[in-house]
1. Exactly one of these conditions fails for ILE276: (1) among the β-branched types (Val, Ile, Thr); (2) within 20 Å of VAL192 (Cβ to Cβ); (3) under 16 Å from the mean Cα position of the chain (by Cα). Give me its number.
2. For region 159-167, indicate whether the set of residues that are within 22 Å of LEU307 (Cα to Cα), at pLDDT 95 or above and open to solvent by 30 Å² or more (accessible area, probe 1.4 Å) is non-empty.
3. Listed residues GLY136, GLY121; which is open to solvent by 70 Å² or more (accessible area, probe 1.4 Å) and either at pLDDT 95 or above or out of contact with any helix residue (DSSP H, G or I) (no Cβ under 9 Å at 6 or more places or on another chain) (or both)?
4. Which residue is surrounded by the most Cβ atoms within 10 Å (Cβ to Cβ), if the candidates are limited to region 170-192 and must be among the aliphatic types (A, V, I, L, M) and closer than 27 Å to VAL207 by Cα?
5. Open to solvent by less than 80 Å² (accessible area, probe 1.4 Å) and modelled with pLDDT of 95 or more: does that describe LEU148?
6. Across region 61-96, what is the total count of residues that are open to solvent by 70 Å² or more (accessible area, probe 1.4 Å), modelled with pLDDT of 85 or more and within 16 Å of SER28 (Cβ to Cβ)?
7. Within region 266-288, identify whether any single residue is in contact with a Lys or Arg (Cβ under 8 Å, 6 or more places away or on another chain), among the acidic types (Asp, Glu) and in a loop (DSSP other than H, G, I, E, B), and answer yes or no.
8. Checking TRP206 against (1) modelled with pLDDT of 95 or more; (2) touching a Phe, Trp or Tyr at 6+ places or on another chain (Cβ under 7 Å); (3) aromatic (Phe, Trp, Tyr), which single condition isn't satisfied?
Amino acid sequence: MKYQIGTALVNGSEKIIIASQNTYLDLSVLFNWPVLKRELVLQDAEPPVSLLRMMEQWAYWKEKLPQIIAYLFTHMGENRAHIALQEKELQWLPPLLYPRKLICVGTNYKDHIMEMGGGTGMALPSHPYSFLKPPGTTLIGSGAPFTLPAYAAFTDYEAELAVIIGQKARNVRGDETLRLVAGYSVFNDLSVRDWITKPSPVGIDWVLSKAFDGSAPMGPLITPAEFVPDPQDLHITLSVNGQMKQDSTTANMVFSVREIIEHLSTIMTLEPGDVIATGTPAGVGYARKPQEPLRSGDVIVVEIEGLGRLETHVK
């Protein structure tokens, strides 16, 4: 039975949320059901304090969470309805508070490379091109407001597939690679474009361009990898104020999820909960004619097939 996991404020308290069959459940409440703990041999388990901690123990939880979901929908009947949350009660936070690393891959869709000035005869990158965002200040949840950075004139959107690592790894290759993935989520790599055509003598300042507060909307939920048969076969779209701007598929990536993880794991140790954003397709505001910077009042919606809908309100 498919389920997803996320983090939300419920009556002002941070909670791990399990979503399945249009039902939202607070994981900590489930641990108060003695029958559930007895039937699923959870007597010695404590509810994780965060989704990040759950990722650190993912080998355990990816076995137990499906059992909890199956038991709830098979045996608990009306009792389940009594503990279910309404979506309007949830104030979504970033699913992970906060990963050690937030790694973003750029120039990873051929059509986006072309629209940003690469041209039809451009040489594709020889390896994934990446940069870091500070997780604690850039990640925001679905529905959260985003304030345009005051120092920039042109802020843009980028719909992306996010990959969440589920175990520590270094120098991985082949079939082992995708087994490292705990799940997938929806991501928006908000970006400042002001210095693309006028970089400093040492190149583009990626902190100015990518690391500003709130520049990484994510979520609302993480979909476990077992429910995503092929991460290279997902429809991805982005709209602004209801108008479609990006409409593509992850099949159009230059480097696949597997290749990205292989490359990054040769550079750094990947750790549970690390988030990797995998690049954006064509259709960004900077490449449009006329150009379309984000403006106060805009509502951005990113959707990825089977993963969910991420909404951001621009202030």
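The values are calculated or read from the model by the stated rules, or taken from the named source; none is laboratory data. Note that the structure is predicted; figures quoted are calculated from it, not measured. So basically every Cβ, Gly included, is an ideal-geometry build from the backbone, and we count neighbours across all protein chains shown. Accessible surface is based on the protein model in full, side chains and every heavy atom, while ligands, DNA and RNA are left aside. Shrake-Rupley method; radii C 1.70, N 1.55, O 1.52, S 1.80 Å.
1. Against the list (1) among the β-branched types (Val, Ile, Thr); (2) within 20 Å of VAL192 (Cβ to Cβ); (3) under 16 Å from the mean Cα position of the chain (by Cα), ILE276 comes up short only on (2).
2. Filtering region 159-167 down to residues within 22 Å of LEU307 (Cα to Cα) leaves 159-167.
Those still in the list that are at pLDDT 95 or above too: 159-167.
Retained after the next criterion (residues that are open to solvent by 30 Å² or more (accessible area, probe 1.4 Å)): 167.
Yes - at least one qualifying residue is present in region 159-167.
3. Working: GLY136 fails: open to solvent by 70 Å² or more (accessible area, probe 1.4 Å).
So the residue among GLY136, GLY121 that is open to solvent by 70 Å² or more (accessible area, probe 1.4 Å) and either at pLDDT 95 or above or out of contact with any helix residue (DSSP H, G or I) (no Cβ under 9 Å at 6 or more places or on another chain) (or both) is GLY121.
4. Checking each candidate, the answer is VAL186.
5. Details: open to solvent by less than 80 Å² (accessible area, probe 1.4 Å): yes; modelled with pLDDT of 95 or more: yes.
Yes; evaluated as a whole, the condition is true for this residue.
6. Going through region 61-96 one residue at a time, the tally reaches 1.
7. yes
8. (1)
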